[in-house]
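The values are calculated or read from the model by the stated rules, or taken from the named source; none is laboratory data. Since the model is a prediction, treat every value here as computed from it, not as a measurement. Don't worry about glycine lacking a Cβ; one is built from the backbone with ideal geometry, like all the others, and counts go over all protein chains shown.
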Amino acid sequence: MTEERWSWIERELRRDPPVDPASIDRVMRQVRAVEPRTPAWASFMRWVVRPRAVMLSPMHAAGALAVAAIAIVISMAALGHPSPDGASRGAAVRPSGLARRDVQFLLVAPDAKRVSVVGDFNDWNPDAVQLRRTAAGVWSAVVALTPGRHVYSFVIDGSKWVPDASAPRAPEDEYGQSNSVAFVESGS
Amino acid sequence: MTVLAMRPVTPGMECPDAEIVRRVRGGDVDAYRSLVERYHGRCLRYAVRMLDNRADAEEVVQDAFTKAYRYLGSYRERDAFAAWLMQILVNEVRTAAVRRRRDDRALVSLDDASELTAPRGADAESVTDVQQALGRLDPSHREAIVLKYVDGRTYEDMAVITGLRVSALKMRVKRARAHLEALLEEWTDD
């Protein structure tokens, strides 16, 4: 399908359905009939910030200050030292600057007119990597991939998506169509 | 704050969403009308494309606006109101679609229903046929196509709205587009 034809489809789909002004009134009538809900955290915060009288003796005040000082010291110590594995907590640390490695994709599809490979490495774009017919019915392409796990699939003749029968299947096949997984090791 | 509260919220004037939300939270229910007028068309377009039924779409959009109003206290101002509203609408549409599929199954199997709705003849050049082709897609694929091409969302927005990863959404859109194109070509060839 040409880009021109696809643009036409997009234009058709984007055409706004006429809005009946009465439907805005219906929405507002329904809105006025409901009570807005106060979230639990907002109720809690209101309770927290509600002014209240507090009796505090000098001994209590000194104790509270001591507890706060200890908490600050512990927090600063935790922030100032890396964790034992060298990673900061709460954020994934990705290896940077890893060299790409060539990965060969092969598909036997004797009747195909064209084959491409799509995956998380090329934004699932069927036009990004075309395989070449290298032997009778065998299609091949070499793609430089970063180390790690990559999910991919083959696209035959621009529309038929097929997984790689020789590779493991991706678990995120949540809508009945499978993808394959390639594990690329980092170079040593 | 007093000055903001005195400023009228007029349809057509670009009063920021966050300001309107503050007024509604402060008890000015009528200010909510500005948000409804601002986003009703966009929401309706999404719901109509997803459900392919004007009456169902109107009802779902109405419920989404009502739910947004009811839970406005949970809305965090650092998020865009439009994206938050869209999240609610997407969930309402999903629920409505599941409910309708369940009702449909009681009458006729889905496969039979799909056969009945396929357009006849060679002319696929109308929005009706595109809409029918859209209706033949898997619901998750239809959702991806509508968010991307009908609502014009970025993948990052779509990830926030659907709770899926950007990579998974890109894959879903490409698959859905290929399927939609194949259906339209198939019908054109017939």
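Here are a few things to note about the model shown:
- Selection from region B:137-185 of residues that are of a type in the set (D, E, K, R) and facing chain A (nearest Cβ under 10 Å): B:Asp138, B:Lys148, B:Asp151, B:Arg165, B:Lys170, B:Arg172, B:Lys174, B:Arg175, B:Arg177, B:Glu181, B:Glu185
- When B:Ser167 is tested against the conditions (1) closer than 17 Å to A:Pro126 by Cα; (2) touching a helix residue (DSSP H, G or I) at 6+ places or on another chain (Cβ under 8 Å), the lone failure is (2).
- In region A:2-30, residue nearest to B:Ala68 (Cα to Cα) [restricted to those that are of a type in the set (Val, Ile, Thr) and either part of a loop (DSSP other than H, G, I, E, B) or assigned by TED's automatic domain parsing to the domain that holds A:Gly158 (or both)]: A:Val19
- Complete set of residues in region A:137-161 that are over 18 Å from A:Val103 (Cβ atoms) and among the hydrophobic types (A, V, I, L, M, F, W, C): A:Ile156, A:Trp161
- Qualifying residue in region B:50-59 (condition: of a type in the set (A, V, I, L, M, F, W, C) and surrounded by fewer than 17 Cβ atoms within 10 Å (Cβ to Cβ)): yes
- Which listed residue is surrounded by fewer than 20 Cβ atoms within 10 Å (Cβ to Cβ) and either at pLDDT 90 or above or closer than 20 Å to A:Asp25 by Cα (or both), from B:Asp63, B:Asp104: B:Asp63
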